[in-house]
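Everything on this sheet refers to the single structure shown next.
Just so you know, all these numbers are worked out from the coordinates, no wet-lab data involved. This is a predicted model, so every value here is computed, not measured. Positions of Cβ are generated from backbone atoms using ideal geometry, with glycine treated the same way; all protein chains shown enter the neighbour counts.
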Amino acid sequence: MVRAFAVAGRRLLRVSATPPPPVVGVGAVVVHEGRLLVVKRGNEPARGLWTLPGGRLEPGETLEAGALRELEEETGLEGHVVALCGVAQRMGPTHNFVILDYRVDVADIGGARAGDDAEELRFVTRSELETLETVPGTVTFLADHGLLDHLRG
């Protein structure tokens, strides 16, 4: 760990080159008729890149409830958790997320709309996903957990 000190006004601040402590995040993997639901991030980190709907777990919230809340906030969709798909870590100089992604079934996609910090949403096939600029590690995560196998061409 590299530590340095900086002066801000009269206070001495410790500046560290290591990422901050981990924050728990949750995500929703929704596949409807062979298409994966992805959102374009509207905020940092990774603004403008495509990924699964998700975000930070709120205090007092269960993991599953958090995944469903994030899905509803970012897409307007409601569903139910089927299973835990996998766990991923996204770390950078300003963030350190441990993300639990859940497979979520959604009965009706008619009310889908981008909301909260999602700029846009799409249901994409496997080939369409490969053309999008995604958050690093997203496609690898989906492949490693066999989720791409559920998508149409």
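In debye, nearest 20, what is the charge dipole magnitude of the chain about its Cα centre with +1 on Lys and Arg Cβ and -1 on Asp and Glu Cβ, if you could check? If you can, show how the numbers build up before the last one.
On the way: 16 positive and 22 negative charges, 197 e Å.
Roughly 940 debye for the chain.
If I stretch the segment between Asn96 and Asp108 completely, what's the gain in nm (0.36 nm per residue apart, minus their alpha carbon distance), one decimal?
Values: separation 12, 0.36 × 12 = 4.32 nm, distance 3.36 nm.
Residue separation times 0.36 nm, minus the Cα-Cα distance, leaves 1.0 nm.
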- Return one number: the angle in degrees, 0 to 90 and rounded to the nearest 10, between the long axis of the Cα atoms of helix 63-75 and the longest principal axis of the Cα atoms of the chain. 80
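So, R0 is 30 Å and r is the distance between the beta-carbons of Asn43 and Glu78; what FRET efficiency does that work out to, to 0.05?
Working: r = 23 Å, r/R0 = 0.76.
Calculated transfer efficiency: 0.85.
Before rounding to the nearest 500, sum -39500 (n - 2.57) across all DSSP H runs of length at least 4 in the chain and divide by the residue total; then give [θ] at 222 nm in deg cm²/dmol. Don't skip to the answer; put the middle values down first.
Details: 3 runs with 26 residues, N = 153.
-4500 deg cm²/dmol, from helical runs alone.
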